[in-house]
Amino acid sequence: MWQELLKVMRTIDDRIVHELNTTVPTASFAGKIDASQTCKQLYESLMAAHASRDRVIKNCIAQTSAVVKNLREEREKNLDDLTLLKQLRKEQTKLKWMQSELNVEEVVNDRSWKVFNERCRIHFKPPKNE
């Protein structure tokens, strides 16, 4: 479920090249479409998508970290409980995977911004504070 959610949330990044090709005109078609407005809207969509995914991933990491902490505390009280140990290992694995998703997110975001800047840099200048 977690992986499917991220896949859906990354749709804008997965389709950015197609989106730019269909909405930002080449030089020969520049007069027919307002490229600056199109780039601005895409910029805002990317910013919102990236912030949303970052928030979701970090929230999940915080929740899973709390679960791991509680399981560790329980484990210290019940060293012989193998079920508890298995559950702790499972949650630790999940936590490591979520933390690695932050690195994946950085790569996905960098790729999207690179493509965006290649096509939109002459049409739209993002605000300096972002």
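Here, each number is a calculation from the coordinates, and none is a lab measurement. It should be emphasised that the depicted structure is a prediction, and the values quoted were computed from it without experimental measurement. Cβ sites come from the backbone with ideal geometry, for glycine too, and all protein chains shown count toward neighbours.
From the Cα trace of the chain, what convex hull volume per residue do you get, rounded to a whole Å³?
Convex hull of Cα atoms, per residue: 97 Å³.
Can you sort VAL108, VAL67 by how many other beta carbons sit within 10 Å, fewest first?
Details: VAL108 19, VAL67 16.
If I rank by nearby Cβ atoms, fewest first, I get VAL67, VAL108.
Any cysteines in the chain with zero other Cys Cβ atoms under 4.7 Å from their Cβ? List them, or say none.
CYS60
Helix check for the chain. Which DSSP H runs span at least 15 Å along their own axis by Cα, with a mean Kyte-Doolittle hydropathy no less than 0.0?
none
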